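Novice: Encoded as structure tokens, here's the structure I'll be asking about.
The values are calculated or read from the model by the stated rules, or taken from the named source; none is laboratory data. These numbers were taken from a predicted model, which means no experiment stands behind them. Because the Cβ atoms are built from the backbone with ideal geometry, glycine has one as well, and the counts that use them run over all protein chains shown. With ligands, DNA and RNA removed, areas are computed over all heavy atoms of the protein, side chains included. Shrake-Rupley method; radii C 1.70, N 1.55, O 1.52, S 1.80 Å.
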Amino acid sequence: MNLRPAIPPDLWDLSKRLRACDLREIALGSGKEPIDALVAAWHASPLCEAICTDNGVVAGVWGVTPTELPGIGSIWMLASDEIESVSLPFLRACESAVRRTGYTVLVCNPSRANALHLRWLGWLGFHPIGRGDKNFQPFIRHV
């Protein structure tokens, strides 16, 4: 597994192979086409990395976008089914990646139905905040 800066071809390739849960999350959260959601997130994220398999396949992309509040970033990830093949090395790399974000607080608002994202946030030490709504549950982590 390799983390590297994401580039536009990664986004195009990944947009065609996103997991069904990620497609639903995009539809519920923004209503955008997958490529448009990925490009918007990439443009808004000072840190945006491709999660690559050992064979160079982009298994996912993650990043952090700034929020309106100083020191608080919003973490996100979109992935293909290949993420399962690199899940353990990716999880091991996440703690140092989170520290590289430069934020003191990270937030996220994933779909309640996206079990992979909920497990990822749990692994990273995020905690639910508030009640959210029927589709989304906000999380927070102090870095």
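Novice: Could you count how many residues in the range 1-44 are farther than 21 Å from T67 by Cα and of a type in the set (A, V, I, L, M)?
Specialist: So the count comes out to 10.
Novice: Which members of the range 1-12 meet the condition of being open to solvent by less than 60 Å² (accessible area, probe 1.4 Å) and either in a helix (DSSP H, G or I) or modelled with pLDDT under 95 (or both)?
Specialist: D10, L11
Novice: Still on this structure: Filter the range 74-105 down to residues that are under 12 Å from the mean Cα position of the chain (by Cα) and part of a strand (DSSP E or B) and give me whichever is farthest from M1 (Cα to Cα).
Specialist: Only one residue tops the list, namely S74.
Novice: Looking at the range 129-143, I want the residues that are touching a residue at least 12 places away in the same chain (Cβ under 8 Å) and open to solvent by less than 80 Å² (accessible area, probe 1.4 Å) and have a partner that is among the charged types (D, E, K, R) and not in a strand (DSSP E or B) with Cβ atoms under 6 Å, at least 6 apart or on another chain. Which pairs are those?
Specialist: Hits for this filter: Q137/R112.
Novice: Just checking, how many residues over the range 50-66 are more than 15 Å from the chain's Cα centre (by Cα) and closer than 20 Å to L124 by Cα?
Specialist: Total meeting the criteria: 0.
Novice: Separate question: Can you tell which of L23, L47 is more than 12 Å from the chain's Cα centre (by Cα), among the aliphatic types (A, V, I, L, M), over 14 Å from R141 (Cα atoms) and open to solvent by 20 Å² or more (accessible area, probe 1.4 Å)?
Specialist: L23
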